[in-house]
1. Only residues in region 3-14 that are at pLDDT 85 or above and of a type outside the set (Asp, Glu) count as the first member; pair them with residues that are open to solvent by 50 Å² or more (accessible area, probe 1.4 Å) and part of a loop (DSSP other than H, G, I, E, B), Cβ under 8 angstrom, at least 6 apart or cross-chain, and list the lot.
2. Considering region 188-223 alone, what residues qualify as being within 15 Å of the chain's Cα centre (by Cα), surrounded by fewer than 19 Cβ atoms within 10 Å (Cβ to Cβ) and within 19 Å of GLN152 (Cα to Cα)?
3. If a residue must be more than 22 Å from ILE13 (Cβ to Cβ), open to solvent by 60 Å² or more (accessible area, probe 1.4 Å) and not in a strand (DSSP E or B), how many such residues does region 43-96 contain?
4. Mind counting the residues in region 97-115 that are surrounded by 14 or more Cβ atoms within 10 Å (Cβ to Cβ), of a type in the set (A, V, I, L, M) and either touching a Pro at 6+ places or on another chain (Cβ under 8 Å) or on the phi > 0 side of the Ramachandran plot (or both)?
5. Any residue in region 88-103 that is more than 13 Å from LEU18 (Cα to Cα) sitting within a Cβ distance under 9 Å of a residue that is in a loop (DSSP other than H, G, I, E, B) and of a type in the set (A, V, I, L, M)? List the pairs, counting only those 6 or more apart or interchain.
6. In region 15-43, what residues are under 19 Å from CYS218 (Cβ atoms) and free of Cβ contacts under 8 Å to residues at least 60 places away in the same chain?
Amino acid sequence: MTESISTLSPSDIRAAGLADWRRILTGLSARFLTSDFEAGLAFVNGIGAAAQEANHHPDVVLKYGEVRVLLVSHDAGGVTARDLDLARRISELAAAAGLRSVPNRQSELELCLDSTAGSIDSAPFYAALFDAEDRHGDVVDASGQVPNLWFQGRNDGGPELPVQEPAQRWHLDVWVPEDEAEARVRAVLAAGGVLVSDAAAPSYWVLADAAGNRSCVCSSASR
């Protein structure tokens, strides 16, 4: 019999005190700056060895000047103690290599389509278009090449918002670390954005550009 693994809440993750890491949308995320590609490759090799030793494997993106790491326990459907343990080990490797983390400079993009028909009719189309999977009405690309897509019915709850004319079907959900969310909202407003609603803050703020197109800044706070 397989032992169940408990997932951790955002407050559990905050209590772990992982300075380099933030819970965003799909897992525990960190971004480390490197001096060049060779330094990044050496760091990735160290992460690989640590992952093999722990038998727990993160998603790693290597680019010139930075390495991004995402930790999630897929079998448990969220972040677990295994992810915290490996995050601590990866931070130790980064510190030993003299790498700097930028935990607040992280974002994850999710697409949302308002659909009266719901996801049952539309999800297979977008799964085929994105070469992704239809996971119970959410379109997910496990390779990370395209953002995840979810569908919002017209009466899915949430704060009452002013009616848009003309109506907007697509909107962007931009997930950021919870301690970065208010700063991101202020930056958007300073860049000419308009606050449509903060009724659901700090979970999300609804913002609009100069033409009235809406997007949301989202965080794991209060979820």
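1. THR7/GLY77; PRO10/GLU178; PRO10/ARG223
2. SER203, ARG223
3. Final tally of qualifying residues: 6.
4. The number of residues fulfilling the criteria is 1.
5. Close Cβ pairs (under 9 Å, with a partner that is in a loop (DSSP other than H, G, I, E, B) and of a type in the set (A, V, I, L, M)) amount to LEU93/LEU99.
6. GLY27, LEU28
The values are calculated or read from the model by the stated rules, or taken from the named source; none is laboratory data. Given the structure is predicted, the values throughout are model-derived calculations rather than measurements. All Cβ positions, even for glycine, are placed from backbone atoms using ideal geometry, and neighbour counts span all protein chains on display. For accessibility, only protein heavy atoms count, side chains too; no ligands or nucleic acids. Shrake-Rupley method; radii C 1.70, N 1.55, O 1.52, S 1.80 Å.
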